[in-house]
Amino acid sequence: MEEKILIVEDEEKLARFVELELVHEGYRVDKAMDGRDGLAMAEEGDYDLLLLDVMLPGMSGMELLRRLRRAKQTPVIMVTARDAVMDKVTGLDMGADDYITKPFEIEELLARIRAALRKRSAATAGEGPLVSGRLSLDPDRHIVRYGGEEIALTSREFDLLQALMENRSIVLRREQLLSKVWGYDYMGETNVVDVYIRYLRAKIDEKFGVKFIHTVRGVGYVFRDAEA
Ligand code: CA
């Protein structure tokens, strides 16, 4: 099965270069040159992944992502300018799955794309739901619920919760979570795990007044069944 990738990038030469490389790797590729076209294509098309530039005419990559996330959880890799720390943080806050900084090596981009797609397909080939009390995570259908209520998670948040639930009562170090969830060497930025733990806690523990995700100081995190 060919996976479909949408490149939203206004630098024509860069977009063309990346397109050629992705096609060479066996992906189907569409391109959009500005934010509005990109959003329309992402909403209508059935893409497996978006490669999304931040600085775009028409609509910024951030705004595109914000609007897309109202409707779709398509994995998104943000392409940010060098040293644009705010972009990275904002992009992750808004539900991007990963980011890569220009200029990038094509091999690094390909690795990140493979990781994002692998995580998605691994999450859809599981062995039935993981359940803890009222919390359930269904890898096949990519749905998390608390009680009857569906919880909207980004694919990265979902993968992190799945890794924690699969290792219930086992303390996982940040590095272990990085390799399980991000799937490659994340250049030592282990605090990205803390950022995503915060997202999960806000959406589950804090929202529902329960405690599943525990910090083990100096070590990492552990998922425990919440006390009734
Ligand atoms: Ca640009």
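The values are calculated or read from the model by the stated rules, or taken from the named source; none is laboratory data. The structure displayed is predicted, hence computed values, not measured ones. Here the Cβ positions follow ideal geometry from the backbone for every residue, glycine too, while neighbour counts run over all protein chains shown. Side chains are part of the model used for accessible areas, which takes the heavy atoms of the whole protein and leaves out ligands, DNA and RNA. Shrake-Rupley method; radii C 1.70, N 1.55, O 1.52, S 1.80 Å.
Annotations
- Pairs of Cα atoms nearer than 8 Å and 6+ residues apart set the relative contact order; for the chain it is 12 percent.
- Accessible solvent surface per residue of the chain, calculated while the other protein chains remain in place, 1.4 angstrom probe, Å²: 49 Å²
- Within a Gaussian network of the chain (alpha carbon springs, distance under 10 Å), most fluctuating of P103, P129, P75: P103
- Ordered by solvent-accessible area of protein heavy atoms (1.4 Å probe), largest first, the residues H24, H214 come out as H24, H214.
- Förster-model FRET efficiency, 41 Å R0, R198 and E25, C-beta, rounded to 0.05: 0.75
- Considering only G128, G58, G218, the Gaussian network model of the chain with Cα springs below 10 Å gives its largest mean-square fluctuation to G218.
- Multiplying the residue separation of I106 and V89 by 0.36 nm and subtracting their alpha-carbon distance yields 3.8 nm.
- DSSP-loop trypsin sites (Lys or Arg not before Pro) across segment 1-90, with at most 10 other Cβ within 10 angstrom: R70, R82
- Heavy-atom accessible surface of segment 25-86: percent carbon and sulfur, 1.4 Å: 48 percent
- For the chain, the longest principal axis of the Cα atoms and the long axis of helix 191-200 meet at an angle of about 70 degrees.
- With both residues required to sit in segment 1-158, DSSP beta bridges show an antiparallel share near 35%.
- The H on the amide N of I100, modeled in the peptide plane, is under 5 Å from the matching H of M78, V79, T80, each at least 5 residues off or on a different chain.
- Taking each DSSP H run with n ≥ 4 as -39500 (n - 2.57) and averaging over every residue of the chain yields -11000 deg cm²/dmol at 222 nm.
- Cα long-axis angle, helix 35-44 against the chain (0 to 90 degrees, to the nearest 10): 60 degrees
- Long pairs among K13/K119; K4/K180; K4/K203; K4/K207, criterion Cα-Cα beyond 26 Å: K13/K119; K4/K203; K4/K207
- A probe of 1.4 angstrom, applied to the heavy atoms of all protein chains, finds V89 with accessible area near 70 square angstrom.
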